[in-house]
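Below is one structure, written out as structure tokens, with a few remarks after it.
The values are calculated or read from the model by the stated rules, or taken from the named source; none is laboratory data. Since the structure is predicted, the reported quantities are computational estimates derived from the model, not experimental observations. Cβ sites come from the backbone with ideal geometry, for glycine too, and all protein chains shown count toward neighbours.
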Amino acid sequence: MAWFEKTEETPLRVPTEALWVVCPSCKAYVPKADWKAADKVCPRCNYHGRLTCRERIRLLADEGSFKEINAQVSTHDPLNFADASGTYKDKAAKAKAKTGESESVVTGTATLDGIPVVLGVMDFSFLGGSLSSGAGERILLATEQAIALKRPLIIVSASGGARMHEGIVSLMQMAKTCAGIARLKEAGLPYFSVLTDPTTGGVSASYAMVGDLNIAEPKALIGFAGRRVIENTIKQKLPDDFQTAEYTLAHGFVDHIVPRKELKGFLAKALRYAGC
């Protein structure tokens with residue numbers, strides 16, 4: 001009979017994941033609009049979420065001032081690497097499709113609070129922000145551009161380390177990038193390094209730690225080998241805050257911890273203090 005029949009209705013509820021972001025640290029539900037407006041910083045626990053390279057560039061560079069350089073330098077597969085999960089070539093292609101980038105670091109010229117700079121920003125979402133031959137070449141070329149233009153260099157790191165799909169070629173980028181930065185310093189130009197979550201492996205062991213100023217975001221993971229590897233090697237329990245930005249500051253490996261919303265202003269002041 002008609003009164004037992006019910007027409008299908010379209011549900012009015014919007015799926016929860018479309019409205020909220022769950023903080024990875026304190027598990028608080030943050031309205032997605034608030035999360036975005038706060039540049040992915042949790043209002044409850046101050047957890048700093050990971051930004052893409054483009055989000056980071058928008059945060060630091062004056063509007064409309066960023067001009068990308070060396071975009072033609074991309075991934076290279078010198079070993080024709082493949083493992084059980086597939087080929088490096090296919091993984092790189094998927095990373096490019098996912099992120100819209102062609103390498104793990106984007107470099108360019110910009111102004112920061114009106115100060116001309118050369119800017120390099122790593123993107124962890126591109127193969128873990130790994131340091132490859134392409135990424136190393138982009139960083140080296142950025143240092144050369146900074147020297148040619150007589151501008152300071154700022155690099156924002158977010159990386160798991162060297163891209164082992166390229167073997168020794170990826171490890172060679174550690175010395176290569178540091179050599180470029182050494183020439184920058186010989187030219188009397190400042191280099192500021194910003195370490196974000198995470199900065200580890202071959203990146204932390206090379207250009208990320210040789211800035212005139214090494215600046216970290218709060219609670220960023222900063223280190224070389226992982227906690228478990230170190231504990232198994234030295235047969236000791238490490239402190240709970242080991243390899244956090246706060247721990248590395250206390251032990252002299254970074255100079256300042258700067259919240260994300262204050263980073264642009266801090267860099268501007270530091271650049272002006274350096275005479276830029």
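Restricting attention to segment 197-218, the residues being under 14 Å from the mean Cα position of the chain (by Cα) and of a type in the set (D, E, K, R) number 2. For segment 182-196, the criterion of being within 24 Å of Asp77 (Cα to Cα) and in contact (Cβ under 8 Å) with a residue 12 or more places away in the chain is met by none of the residues. Within segment 170-184, is even one residue assigned by TED's automatic domain parsing to the domain that holds Pro116, at positive phi and buried (at least 24 other Cβ atoms within 10 Å of the Cβ)? No - not one qualifying residue is present in segment 170-184. Within segment 108-137, the set of residues being in a strand (DSSP E or B), over 14 Å from the mean Cα position of the chain (by Cα) and surrounded by 24 or more Cβ atoms within 10 Å (Cβ to Cβ) comprises Val117, Val118.
When residues in segment 146-167 are screened for being farther than 9 Å from Leu189 by Cβ and part of a strand (DSSP E or B), 7 of them pass. A search for C-beta distances below 7 Å between a residue of segment 247-270 that is outside the structural domain of Val41 (by TED's automatic domain parsing) and any residue that is small (Gly, Ala, Ser) and in a helix (DSSP H, G or I), counting only pairs 6+ apart in sequence or on different chains, returns Val254/Ala245; Ile257/Ala245. Among the residues making up segment 176-221, those that are in a loop (DSSP other than H, G, I, E, B) and closer than 30 Å to Pro239 by Cα are Thr200, Ala205, Ser206, Val210, Gly211, Asp212, Glu217, Pro218, Lys219, Ala220. Hey, among the residues in segment 92-107 that are part of a helix (DSSP H, G or I) and of a type in the set (D, E, K, R), which one's nearest to Lys67 (Cα to Cα)? Once the filter is applied, the top-ranked residue is Lys96.
Only one of the numbered conditions (1) surrounded by fewer than 18 Cβ atoms within 10 Å (Cβ to Cβ); (2) in a loop (DSSP other than H, G, I, E, B); (3) not hydrophobic (A, V, I, L, M, F, W, C) is not met by Thr75, and that is (1).
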